[in-house]
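Below is one structure; the comments refer to it alone.
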Amino acid sequence: MEGGGRSAGIGEWVLLSYRLPREPSTPRIALWRQLKRLGVAQVGDGLVALPADARTREQLEWLAEQVLEGGGTAGVWLARPGTLAQERALAVEMAAARAVEYSALVAHAAALMQEASDRTRAVPRLRRRWREITRRDFFPPPERDVAAAALRGLVEGAGPQAAAAPDSKGVLA
């Protein structure tokens, strides 16, 4: 599922339902950061979703354990949206969030192309950022292709010392 689209029809989703006490705030902040890193769809207050596969289920189960250790309550659920429209809404929300991230990567690459500074050091940073984004990109937006092209252009401009850019499928070597 990583970096690729999903087939037509309603698919299964893994949901994390959670509640953490307001104080101390450290577990809440840590959970928020981890959920953001996973690229979840916010279904409601204290309820997030990811397309279901073994990896996403394990990740949300792990977070549920952390919530319990932080003095909260949590549960992991497997479910299907009631309608295709509901699933599409979740997919659109997730794709829009990734589009913003890809656009920021494009802007950063464009800025580096304009600078006379050493791009070679910036390329590995952008490649790491690319991998972070694609790991949580379940519904790739058109901006993904633009970002891949921008990163390829930056690599070509950085010379042979820069490592590989995304290939035609958007995968980094």
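Since every read-out is calculated from the coordinates, none of them should be taken as a lab result. Just so it is clear, the structure is predicted and the values come from calculations on it, not from any experiment. Backbone-built Cβ (ideal geometry, glycine too); neighbour counts: all protein chains shown.
Within region 90-117, find all residues whose amide N lies under 12 Å from a label point positioned 7 Å from the Cα of Gln34 along Cα-to-beta-carbon. Under cut-off, by backbone N: nothing.
Thr73 sits among other residues whose Cβ lies under 15 Å from its own Cβ, and their net charge, with Lys and Arg +1 and Asp and Glu -1, is -1. Quickly work out the Arg22-to-Glu156 label distance, labels modelled 7 Å from Cα along the C-beta direction, and quote it in nm with one decimal. Each label point lies 7 Å from its Cα, and together they span 5.6 nm.
The residues neighbouring Arg98, those whose beta-carbon lies less than 9 Å from its own, together hold a net charge of -1 under the Lys/Arg +1, Asp/Glu -1 convention.
Maximal additional length on extending the Trp62-Arg125 stretch stands at 19.9 nm, based on 0.36 nm per residue less the C-alpha distance.
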